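The values are calculated or read from the model by the stated rules, or taken from the named source; none is laboratory data. What you see is a predicted model; the values in this text were computed from it and never measured. Positions of Cβ are backbone-derived with ideal geometry, glycine not excepted, and every protein chain shown enters the neighbour counts. Protein only, heavy atoms only, side chains kept; ligands, DNA and RNA dropped before computing areas. Shrake-Rupley method; radii C 1.70, N 1.55, O 1.52, S 1.80 Å.
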Amino acid sequence: TKPNWTWMLWLAKIAKKTQGQLKLKITNIEPIIVSVPYKHRETSTRVQRDGVTAVLIKITTDTNIVGWGESCPGPNVESIYQIIVSTIPLFTGRNPFDREAIAQDFFATAHWFHREMSGNFAFAGIDMALWDIFGKACQQPIYNLFGGLRRQSVNYFYYLAYGDANSIASQAKR
């Protein structure tokens, strides 16, 4: 893939103005519990549910850049929500570009390495929101920050509703 020199030059110009660092500060972290109903019941050997609940994370910077992420709830959405709330005093005022230090502080200082699964569920959404901020601050899609576009499309899956053979065949055709 050929490098995009326009955005690299723009980023170098910004870095020069800020002595080599993009200076942003996290000013707000807001977890939001959302429930999305399905159009039909999901039935499998592991789950029977009529929708999904997750925690969205909205991180705002001092320049009003907003990053969004999503944390899956694991066994309990309220616990993931509270973990994210607990990060507010730890991360407010920090530079979102200090992502590795933020991760280290989350898992070590905040002791989430003792509850690794819950910590991973919560931090996944925080990490997504930080990457969203990076892309917006650099005015680039995140795939450029990960090394460039590798494919034009990706495969996606779809849950078929439980039913007889004709019902499943009809759903698959749609």
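Quick rundown of the values:
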{"read-out": "Protection proxy ranking, peptides 57-67, 129-139, average beta carbon neighbours within 10 Å, highest first", "value": "129-139, 57-67"}
{"read-out": "Where labels lie 7 Å past Cα in the beta-carbon direction, separation of ALA165 and GLU116 in nm", "value": "4.5 nm"}
{"read-out": "Signed unit charges on C-beta, dipole axis of the chain, positive-most listed residue MET117, PHE91, ALA137", "value": "ALA137"}
{"read-out": "Accessible-area composition of the range 46-99, carbon plus sulfur, in percent [1.4 Å probe]", "value": "52 percent"}
{"read-out": "Average accessible area per residue (Å²) across the range 55-174 - probe 1.4 Å, nucleic acids and ligands excluded", "value": "61 Å²"}
{"read-out": "Electrostatic dipole magnitude of the chain [Cβ: Lys, Arg +1; Asp, Glu -1; Cα centre; debye, to 20]", "value": "740 debye"}
{"read-out": "Expected 222 nm ellipticity per residue - DSSP helices of 4 or more, -39500 (n - 2.57), all of the chain, to 500", "value": "-12000 deg cm²/dmol"}
{"read-out": "Shape of the range 77-174, Cα gyration tensor, a/c cut at 1.5", "value": "oblate"}
{"read-out": "The chain: DSSP helices with Cα axial extent of at least 20 Å and average Kyte-Doolittle hydropathy no lower than -0.5", "value": "77-91, 116-137"}
{"read-out": "Overall form of the chain per C-alpha gyration tensor (a/c, 1.5; a/b vs b/c)", "value": "oblate"}
{"read-out": "Relative contact order [Cα under 8 Å, 6+ residues apart], the range 35-159, whole percent", "value": "26 percent"}
